[in-house]
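Below is one structure, written out as C-alpha coordinates; the observations come after it.
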Amino acid sequence: MKKSLHLKKLPLFIVTVALLGISLATTTVLAGTKTLTVNASVLNIRRGPGLAYDVMGQSQSGAKLNVIAERNSWYEVRLAGNKVGWVASWLVNSDDANTNAAKVARVTSRVNVRKYASTSATLLGALNPGASVKVVYSQGDWSQIVYSDTAAWVSTKYLELTGQTTTVTSTQTAVSKANTATQIKVKTNTNTHLRQAGGINAAIVENLSKGAELTVLNQDGDWFHVRAADGKTGYIANWVVSTPSDGKSSKAATSLNEATIVLDAGHGGSDPGASSTAGEKEKTYTLETVDAIATQLRAAGANVVLTRSSDQYVDLAQRPVIAANVNADAFISIHFDSSPESNTAEGHTTYYYTKSKDYTLATYLSTSLANLSTASRGTSFGNFEVIRDNKQPSVLIELGYINDDDDFQKLSSSTYQHQAAIDIVNGLTKYFAAGNHR
Ligand SMILES: [Zn+2]
(Lines give C-alpha, C1' and ligand atoms only; values in the text may rest on other atoms or scores of the structure.)
Protein backbone atom coordinates (compact mmCIF):
# COMPACT_ATOMS: atom_id res chain seq x y z
CA MET A 1 0.00 0.00 0.00
CA LYS A 2 1.35 3.43 -0.90
CA LYS A 3 0.06 6.50 -2.70
CA SER A 4 -0.90 9.85 -1.30
CA LEU A 5 -4.36 11.25 -0.69
CA HIS A 6 -5.53 13.27 -3.60
CA LEU A 7 -9.21 12.85 -3.19
CA LYS A 8 -11.01 13.39 -6.40
CA LYS A 9 -14.16 15.29 -5.75
CA LEU A 10 -14.35 17.04 -9.06
CA PRO A 11 -17.83 17.02 -10.46
CA LEU A 12 -17.80 15.10 -13.71
CA PHE A 13 -21.21 16.28 -14.64
CA ILE A 14 -23.24 19.36 -14.62
CA VAL A 15 -26.77 18.42 -13.81
CA THR A 16 -29.10 20.41 -15.95
CA VAL A 17 -32.62 21.27 -15.11
CA ALA A 18 -34.73 19.27 -17.49
CA LEU A 19 -37.26 16.75 -16.34
CA LEU A 20 -37.60 14.23 -19.06
CA GLY A 21 -39.73 11.22 -19.74
CA ILE A 22 -38.55 7.69 -19.65
CA SER A 23 -39.20 5.38 -22.51
CA LEU A 24 -38.37 1.85 -21.54
CA ALA A 25 -40.46 -0.53 -23.52
CA THR A 26 -42.32 -1.53 -20.38
CA THR A 27 -42.96 1.96 -19.14
CA THR A 28 -45.98 3.87 -20.23
CA VAL A 29 -46.23 6.53 -17.59
CA LEU A 30 -44.03 9.53 -17.39
CA ALA A 31 -41.29 9.43 -14.89
CA GLY A 32 -39.31 12.37 -13.67
CA THR A 33 -35.64 12.17 -14.38
CA LYS A 34 -32.62 14.30 -14.96
CA THR A 35 -30.36 15.14 -17.81
CA LEU A 36 -26.67 15.10 -17.03
CA THR A 37 -24.14 16.90 -19.14
CA VAL A 38 -20.75 15.23 -19.16
CA ASN A 39 -18.20 17.76 -18.02
CA ALA A 40 -15.15 15.49 -17.90
CA SER A 41 -13.05 14.61 -20.89
CA VAL A 42 -14.03 10.94 -20.62
CA LEU A 43 -16.53 9.08 -18.49
CA ASN A 44 -16.90 5.30 -18.32
CA ILE A 45 -20.35 3.86 -18.91
CA ARG A 46 -20.94 0.37 -17.57
CA ARG A 47 -23.34 -2.46 -18.28
CA GLY A 48 -24.68 -2.53 -14.76
CA PRO A 49 -24.83 -0.56 -11.53
CA GLY A 50 -21.39 -1.27 -10.12
CA LEU A 51 -17.69 -1.16 -10.89
CA ALA A 52 -17.91 -4.91 -11.33
CA TYR A 53 -19.67 -4.44 -14.64
CA ASP A 54 -17.80 -4.11 -17.91
CA VAL A 55 -17.23 -0.75 -19.45
CA MET A 56 -19.54 -0.66 -22.48
CA GLY A 57 -18.52 2.73 -23.68
CA GLN A 58 -17.33 6.15 -22.78
CA SER A 59 -18.94 9.50 -22.92
CA GLN A 60 -17.11 12.60 -24.03
CA SER A 61 -17.25 16.08 -22.64
CA GLY A 62 -20.43 17.89 -23.57
CA ALA A 63 -22.49 14.75 -24.14
CA LYS A 64 -25.93 14.72 -22.57
CA LEU A 65 -27.18 11.66 -20.74
CA ASN A 66 -30.75 11.17 -19.65
CA VAL A 67 -31.11 9.49 -16.30
CA ILE A 68 -33.70 6.73 -16.38
CA ALA A 69 -33.30 5.25 -12.95
CA GLU A 70 -31.11 5.20 -9.90
CA ARG A 71 -30.04 2.03 -8.14
CA ASN A 72 -27.35 1.18 -5.66
CA SER A 73 -25.93 4.69 -6.04
CA TRP A 74 -25.65 4.34 -9.77
CA TYR A 75 -27.55 6.17 -12.50
CA GLU A 76 -29.04 4.29 -15.39
CA VAL A 77 -28.62 6.52 -18.40
CA ARG A 78 -29.79 6.52 -21.96
CA LEU A 79 -27.17 6.56 -24.68
CA ALA A 80 -27.27 7.15 -28.39
CA GLY A 81 -29.16 4.51 -30.32
CA ASN A 82 -31.51 3.96 -27.38
CA LYS A 83 -28.87 1.90 -25.56
CA VAL A 84 -28.85 1.99 -21.80
CA GLY A 85 -25.85 2.02 -19.47
CA TRP A 86 -24.83 2.98 -15.94
CA VAL A 87 -22.63 5.68 -14.44
CA ALA A 88 -21.57 6.14 -10.82
CA SER A 89 -23.74 8.71 -9.09
CA TRP A 90 -20.92 9.82 -6.81
CA LEU A 91 -19.16 11.14 -9.87
CA VAL A 92 -22.12 13.40 -10.38
CA ASN A 93 -22.63 16.83 -8.96
CA SER A 94 -26.12 16.32 -7.63
CA ASP A 95 -27.46 19.85 -7.48
CA ASP A 96 -30.39 18.87 -9.60
CA ALA A 97 -33.29 21.22 -9.76
CA ASN A 98 -36.40 19.15 -9.88
CA THR A 99 -38.27 21.21 -12.38
CA ASN A 100 -40.69 19.67 -14.79
CA ALA A 101 -39.68 21.33 -18.01
CA ALA A 102 -41.04 20.15 -21.31
CA LYS A 103 -40.72 21.70 -24.74
CA VAL A 104 -43.79 22.93 -26.52
CA ALA A 105 -44.20 21.78 -30.10
CA ARG A 106 -46.82 22.23 -32.79
CA VAL A 107 -47.96 19.31 -34.90
CA THR A 108 -47.36 20.07 -38.58
CA SER A 109 -49.18 17.16 -40.16
CA ARG A 110 -51.55 14.47 -38.94
CA VAL A 111 -49.46 12.10 -36.93
CA ASN A 112 -50.03 8.76 -35.23
CA VAL A 113 -49.48 8.51 -31.49
CA ARG A 114 -47.92 5.26 -30.36
CA LYS A 115 -47.20 3.53 -27.11
CA TYR A 116 -43.52 3.02 -27.85
CA ALA A 117 -40.98 4.51 -30.23
CA SER A 118 -41.75 2.13 -33.06
CA THR A 119 -44.13 2.10 -36.02
CA SER A 120 -45.22 -1.37 -34.94
CA ALA A 121 -46.15 -0.24 -31.43
CA THR A 122 -49.76 0.01 -30.30
CA LEU A 123 -51.60 2.95 -31.83
CA LEU A 124 -53.01 5.16 -29.11
CA GLY A 125 -54.56 7.79 -31.36
CA ALA A 126 -53.62 10.58 -33.70
CA LEU A 127 -52.97 14.31 -33.53
CA ASN A 128 -54.13 16.85 -36.09
CA PRO A 129 -52.08 19.66 -37.61
CA GLY A 130 -51.90 22.67 -35.33
CA ALA A 131 -52.21 20.64 -32.12
CA SER A 132 -49.91 21.74 -29.35
CA VAL A 133 -47.97 19.02 -27.56
CA LYS A 134 -45.55 18.85 -24.66
CA VAL A 135 -42.34 17.14 -25.69
CA VAL A 136 -40.53 15.60 -22.75
CA TYR A 137 -37.84 13.70 -24.61
CA SER A 138 -36.56 13.40 -28.16
CA GLN A 139 -34.25 10.83 -29.60
CA GLY A 140 -33.61 10.79 -33.30
CA ASP A 141 -36.77 10.09 -35.25
CA TRP A 142 -38.99 9.80 -32.18
CA SER A 143 -40.26 12.22 -29.59
CA GLN A 144 -41.94 11.34 -26.35
CA ILE A 145 -44.91 13.54 -25.60
CA VAL A 146 -47.58 13.89 -22.97
CA TYR A 147 -50.72 12.30 -24.36
CA SER A 148 -53.82 11.81 -22.20
CA ASP A 149 -51.65 12.34 -19.14
CA THR A 150 -49.33 9.53 -20.02
CA ALA A 151 -46.23 9.12 -22.13
CA ALA A 152 -46.57 8.38 -25.81
CA TRP A 153 -44.48 8.62 -28.92
CA VAL A 154 -44.78 10.45 -32.22
CA SER A 155 -42.51 10.86 -35.19
CA THR A 156 -40.26 13.88 -34.60
CA LYS A 157 -40.54 15.04 -38.20
CA TYR A 158 -44.18 16.05 -37.71
CA LEU A 159 -43.32 18.31 -34.82
CA GLU A 160 -42.14 21.88 -34.89
CA LEU A 161 -40.69 23.26 -31.66
CA THR A 162 -42.11 26.64 -30.73
CA GLY A 163 -39.13 27.56 -28.58
CA GLN A 164 -41.39 27.73 -25.53
CA THR A 165 -41.09 25.49 -22.54
CA THR A 166 -43.78 24.36 -20.19
CA THR A 167 -44.25 22.06 -17.24
CA VAL A 168 -45.85 18.65 -17.07
CA THR A 169 -47.89 19.30 -13.94
CA SER A 170 -50.84 17.30 -15.23
CA THR A 171 -48.71 14.20 -14.98
CA GLN A 172 -47.42 14.80 -11.49
CA THR A 173 -49.36 11.88 -10.10
CA ALA A 174 -48.04 9.56 -12.75
CA VAL A 175 -44.56 10.88 -12.20
CA SER A 176 -44.52 10.19 -8.50
CA LYS A 177 -46.03 6.75 -8.93
CA ALA A 178 -43.57 5.76 -11.60
CA ASN A 179 -40.71 6.91 -9.47
CA THR A 180 -41.65 4.93 -6.42
CA ALA A 181 -39.65 1.92 -7.45
CA THR A 182 -36.39 3.74 -8.07
CA GLN A 183 -36.38 6.72 -5.75
CA ILE A 184 -34.44 6.67 -2.53
CA LYS A 185 -36.52 6.65 0.61
CA VAL A 186 -35.32 7.72 4.01
CA LYS A 187 -36.93 7.45 7.43
CA THR A 188 -36.75 9.94 10.23
CA ASN A 189 -35.03 8.50 13.27
CA THR A 190 -36.52 11.05 15.67
CA ASN A 191 -39.37 13.54 15.90
CA THR A 192 -38.22 16.38 13.71
CA HIS A 193 -39.23 19.16 11.29
CA LEU A 194 -39.56 19.50 7.57
CA ARG A 195 -38.12 22.90 6.67
CA GLN A 196 -38.43 25.32 3.80
CA ALA A 197 -34.71 25.39 3.17
CA GLY A 198 -31.57 23.55 4.20
CA GLY A 199 -30.63 24.98 7.59
CA ILE A 200 -31.74 24.60 11.18
CA ASN A 201 -33.02 28.16 11.24
CA ALA A 202 -35.20 27.78 8.16
CA ALA A 203 -38.96 28.03 8.55
CA ILE A 204 -40.81 24.84 9.46
CA VAL A 205 -43.10 23.35 6.83
CA GLU A 206 -44.51 20.73 9.16
CA ASN A 207 -43.64 18.41 12.02
CA LEU A 208 -42.54 14.88 11.27
CA SER A 209 -42.80 12.05 13.73
CA LYS A 210 -40.15 9.39 14.19
CA GLY A 211 -40.31 6.78 11.44
CA ALA A 212 -41.88 9.07 8.84
CA GLU A 213 -40.95 7.96 5.34
CA LEU A 214 -39.65 10.57 2.94
CA THR A 215 -38.77 10.44 -0.72
CA VAL A 216 -35.45 12.04 -1.54
CA LEU A 217 -35.69 14.48 -4.43
CA ASN A 218 -32.21 15.83 -4.14
CA GLN A 219 -29.28 16.14 -1.78
CA ASP A 220 -27.66 19.46 -0.97
CA GLY A 221 -24.71 19.12 1.36
CA ASP A 222 -25.95 17.81 4.69
CA TRP A 223 -29.58 18.34 3.74
CA PHE A 224 -32.00 16.29 1.75
CA HIS A 225 -34.72 17.88 -0.34
CA VAL A 226 -37.58 15.47 0.28
CA ARG A 227 -41.24 14.83 -0.31
CA ALA A 228 -43.31 13.69 2.66
CA ALA A 229 -46.10 11.14 2.48
CA ASP A 230 -48.68 13.94 2.35
CA GLY A 231 -47.00 15.36 -0.75
CA LYS A 232 -45.42 18.34 0.97
CA THR A 233 -41.83 19.02 0.06
CA GLY A 234 -39.08 20.54 2.11
CA TYR A 235 -35.67 19.97 3.57
CA ILE A 236 -34.43 17.68 6.29
CA ALA A 237 -30.99 17.23 7.81
CA ASN A 238 -29.25 14.00 6.88
CA TRP A 239 -28.39 13.32 10.53
CA VAL A 240 -32.02 12.82 11.52
CA VAL A 241 -32.79 10.23 8.87
CA SER A 242 -31.60 6.74 8.12
CA THR A 243 -30.66 6.12 4.53
CA PRO A 244 -30.78 2.80 2.74
CA SER A 245 -28.07 1.98 0.24
CA ASP A 246 -30.75 0.99 -2.23
CA GLY A 247 -34.22 -0.46 -2.17
CA LYS A 248 -32.86 -3.62 -0.59
CA SER A 249 -32.78 -2.61 3.03
CA SER A 250 -32.72 0.45 5.20
CA LYS A 251 -30.91 -1.21 8.07
CA ALA A 252 -27.72 -3.10 8.63
CA ALA A 253 -27.81 -6.63 7.32
CA THR A 254 -28.59 -9.42 9.76
CA SER A 255 -27.54 -12.15 7.38
CA LEU A 256 -25.12 -12.44 4.50
CA ASN A 257 -27.85 -12.59 1.88
CA GLU A 258 -29.09 -9.17 3.01
CA ALA A 259 -25.62 -7.69 2.98
CA THR A 260 -23.76 -5.50 0.56
CA ILE A 261 -20.10 -6.46 0.51
CA VAL A 262 -17.51 -4.29 -1.19
CA LEU A 263 -14.51 -6.29 -2.39
CA ASP A 264 -11.39 -4.31 -3.09
CA ALA A 265 -8.72 -5.91 -5.27
CA GLY A 266 -5.53 -4.19 -4.21
CA HIS A 267 -3.52 -2.12 -6.71
CA GLY A 268 -4.26 -2.29 -10.46
CA GLY A 269 -3.30 -0.57 -13.68
CA SER A 270 -0.22 1.59 -13.28
CA ASP A 271 0.11 0.42 -9.66
CA PRO A 272 1.35 -3.20 -9.77
CA GLY A 273 1.86 -3.65 -6.01
CA ALA A 274 4.56 -5.99 -4.79
CA SER A 275 6.23 -8.73 -6.86
CA SER A 276 7.08 -12.39 -6.54
CA THR A 277 10.71 -13.43 -6.77
CA ALA A 278 10.06 -14.15 -10.46
CA GLY A 279 8.51 -10.73 -10.99
CA GLU A 280 4.82 -11.70 -10.97
CA LYS A 281 2.72 -8.75 -9.92
CA GLU A 282 0.51 -8.51 -6.84
CA LYS A 283 -2.29 -6.75 -8.76
CA THR A 284 -2.84 -9.89 -10.86
CA TYR A 285 -3.52 -12.14 -7.88
CA THR A 286 -5.59 -9.66 -5.90
CA LEU A 287 -7.95 -9.47 -8.87
CA GLU A 288 -8.08 -13.26 -9.34
CA THR A 289 -8.77 -13.76 -5.65
CA VAL A 290 -11.46 -11.09 -5.53
CA ASP A 291 -13.14 -12.71 -8.53
CA ALA A 292 -13.21 -16.03 -6.64
CA ILE A 293 -14.60 -14.38 -3.50
CA ALA A 294 -17.23 -12.47 -5.48
CA THR A 295 -18.41 -15.70 -7.10
CA GLN A 296 -18.87 -17.41 -3.73
CA LEU A 297 -20.49 -14.38 -2.11
CA ARG A 298 -22.97 -13.97 -4.93
CA ALA A 299 -23.79 -17.67 -4.72
CA ALA A 300 -24.56 -17.05 -1.04
CA GLY A 301 -26.95 -14.27 -2.03
CA ALA A 302 -24.88 -11.25 -1.06
CA ASN A 303 -24.89 -8.04 -3.02
CA VAL A 304 -21.30 -7.68 -4.17
CA VAL A 305 -19.70 -4.46 -5.34
CA LEU A 306 -16.15 -4.44 -6.68
CA THR A 307 -13.86 -1.42 -6.59
CA ARG A 308 -12.26 -2.74 -9.75
CA SER A 309 -13.00 -5.66 -12.03
CA SER A 310 -10.15 -5.38 -14.47
CA ASP A 311 -6.53 -4.28 -14.56
CA GLN A 312 -7.35 -0.65 -14.00
CA TYR A 313 -5.99 2.01 -11.70
CA VAL A 314 -8.41 3.08 -8.96
CA ASP A 315 -7.33 5.85 -6.64
CA LEU A 316 -6.92 4.68 -3.05
CA ALA A 317 -9.07 7.55 -1.80
CA GLN A 318 -11.94 6.49 -4.02
CA ARG A 319 -12.18 2.96 -2.63
CA PRO A 320 -13.66 3.85 0.79
CA VAL A 321 -15.92 6.34 -0.97
CA ILE A 322 -17.38 3.47 -2.97
CA ALA A 323 -18.05 1.58 0.27
CA ALA A 324 -19.77 4.60 1.79
CA ASN A 325 -21.85 5.23 -1.28
CA VAL A 326 -23.32 1.75 -1.35
CA ASN A 327 -23.61 1.77 2.46
CA ALA A 328 -21.60 -1.44 2.53
CA ASP A 329 -22.08 -3.84 5.43
CA ALA A 330 -18.47 -4.87 5.03
CA PHE A 331 -15.47 -3.74 3.01
CA ILE A 332 -12.75 -6.32 2.35
CA SER A 333 -9.51 -5.32 0.70
CA ILE A 334 -7.33 -8.12 -0.66
CA HIS A 335 -3.56 -7.80 -0.83
CA PHE A 336 -0.44 -9.91 -0.62
CA ASP A 337 2.38 -9.08 1.73
CA SER A 338 5.99 -8.58 0.86
CA SER A 339 9.00 -8.72 3.14
CA PRO A 340 12.10 -6.54 2.59
CA GLU A 341 14.10 -9.64 1.76
CA SER A 342 12.45 -12.45 -0.18
CA ASN A 343 11.74 -15.83 1.44
CA THR A 344 12.02 -14.45 4.96
CA ALA A 345 8.35 -14.22 5.95
CA GLU A 346 5.18 -16.17 5.26
CA GLY A 347 1.53 -16.43 6.19
CA HIS A 348 -1.69 -14.43 5.97
CA THR A 349 -2.76 -11.53 8.17
CA THR A 350 -6.13 -9.84 8.66
CA TYR A 351 -5.73 -6.13 9.41
CA TYR A 352 -8.26 -3.86 11.09
CA TYR A 353 -8.08 -0.14 11.80
CA THR A 354 -10.58 0.55 14.57
CA LYS A 355 -11.30 -1.75 17.49
CA SER A 356 -14.91 -0.65 17.63
CA LYS A 357 -15.87 -0.87 13.98
CA ASP A 358 -13.50 -3.31 12.31
CA TYR A 359 -12.02 -5.65 14.87
CA THR A 360 -14.96 -8.04 15.21
CA LEU A 361 -15.14 -8.49 11.46
CA ALA A 362 -11.38 -9.09 11.35
CA THR A 363 -11.67 -11.73 14.06
CA TYR A 364 -14.40 -13.67 12.30
CA LEU A 365 -12.55 -13.62 9.00
CA SER A 366 -9.19 -14.48 10.50
CA THR A 367 -10.66 -17.43 12.40
CA SER A 368 -12.26 -18.74 9.23
CA LEU A 369 -9.13 -18.21 7.14
CA ALA A 370 -7.18 -20.50 9.49
CA ASN A 371 -8.21 -23.24 7.02
CA LEU A 372 -5.79 -21.92 4.46
CA SER A 373 -2.61 -23.79 3.61
CA THR A 374 -0.50 -20.74 4.42
CA ALA A 375 0.23 -20.02 8.08
CA SER A 376 -2.11 -17.76 9.99
CA ARG A 377 -0.56 -14.63 11.47
CA GLY A 378 -3.90 -13.73 13.03
CA THR A 379 -5.29 -10.22 13.22
CA SER A 380 -3.28 -7.06 13.50
CA PHE A 381 -3.78 -3.30 13.55
CA GLY A 382 -3.00 -1.80 10.15
CA ASN A 383 -2.88 1.86 9.20
CA PHE A 384 -3.97 1.44 5.60
CA GLU A 385 -5.79 4.25 3.86
CA VAL A 386 -8.58 2.07 2.43
CA ILE A 387 -9.61 0.92 5.90
CA ARG A 388 -8.49 4.01 7.84
CA ASP A 389 -10.69 6.32 5.77
CA ASN A 390 -13.54 3.84 5.68
CA LYS A 391 -16.84 4.51 7.45
CA GLN A 392 -17.99 0.93 6.97
CA PRO A 393 -16.73 -2.12 8.87
CA SER A 394 -13.59 -2.87 6.94
CA VAL A 395 -10.56 -5.11 6.87
CA LEU A 396 -7.48 -5.52 4.73
CA ILE A 397 -6.35 -9.11 4.30
CA GLU A 398 -2.83 -9.92 3.19
CA LEU A 399 -3.38 -13.46 1.93
CA GLY A 400 0.23 -14.59 2.09
CA TYR A 401 3.69 -13.27 1.18
CA ILE A 402 4.06 -12.82 -2.55
CA ASN A 403 7.86 -12.76 -2.33
CA ASP A 404 7.99 -16.03 -0.41
CA ASP A 405 8.28 -18.83 -2.94
CA ASP A 406 6.22 -21.33 -0.91
CA ASP A 407 3.45 -18.82 -0.24
CA PHE A 408 3.49 -17.64 -3.85
CA GLN A 409 3.01 -21.13 -5.21
CA LYS A 410 -0.10 -21.42 -3.05
CA LEU A 411 -1.60 -17.97 -3.40
CA SER A 412 -1.25 -17.99 -7.19
CA SER A 413 -3.29 -21.19 -7.46
CA SER A 414 -7.03 -21.28 -8.06
CA THR A 415 -7.33 -23.93 -5.32
CA TYR A 416 -6.00 -21.52 -2.71
CA GLN A 417 -8.06 -18.62 -4.04
CA HIS A 418 -11.19 -20.77 -3.97
CA GLN A 419 -10.48 -21.88 -0.40
CA ALA A 420 -9.95 -18.28 0.68
CA ALA A 421 -13.30 -17.41 -0.91
CA ILE A 422 -15.09 -20.23 0.93
CA ASP A 423 -13.44 -19.20 4.21
CA ILE A 424 -14.44 -15.57 3.76
CA VAL A 425 -18.04 -16.54 3.00
CA ASN A 426 -18.10 -18.74 6.10
CA GLY A 427 -16.57 -16.01 8.24
CA LEU A 428 -19.05 -13.42 7.00
CA THR A 429 -21.97 -15.80 7.45
CA LYS A 430 -21.06 -16.29 11.11
CA TYR A 431 -20.33 -12.60 11.57
CA PHE A 432 -23.77 -11.55 10.34
CA ALA A 433 -25.55 -14.44 12.08
CA ALA A 434 -24.04 -13.32 15.38
CA GLY A 435 -25.67 -9.93 14.81
CA ASN A 436 -22.74 -8.12 16.32
CA HIS A 437 -21.97 -5.55 13.71
CA ARG A 438 -23.11 -1.94 13.86
ZN1 LIG B 1 -0.73 -4.56 -1.65
Residue within the stretch 346-355 that is over 21 Å from GLU282 (Cα atoms) and within 16 Å of the ligand (Cβ to nearest atom) present: yes
Residues of the stretch 268-282 satisfying the condition of being at pLDDT 95 or above and buried (at least 23 other Cβ atoms within 10 Å of the Cβ): SER276, GLU282
Meets criteria (at pLDDT below 90 and assigned to a loop (DSSP other than H, G, I, E, B)) for ALA253: yes
Residue among LEU365, LEU372 that alone is more than 31 Å from the chain's Cα centre (by Cα), buried (at least 16 other Cβ atoms within 10 Å of the Cβ) and within 18 Å of LEU428 (Cβ to Cβ): LEU372
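The values are calculated or read from the model by the stated rules, or taken from the named source; none is laboratory data. Remember, it's a predicted structure, so these values are computed and weren't measured experimentally. Positions of Cβ are backbone-derived with ideal geometry, glycine not excepted, and every protein chain shown enters the neighbour counts.
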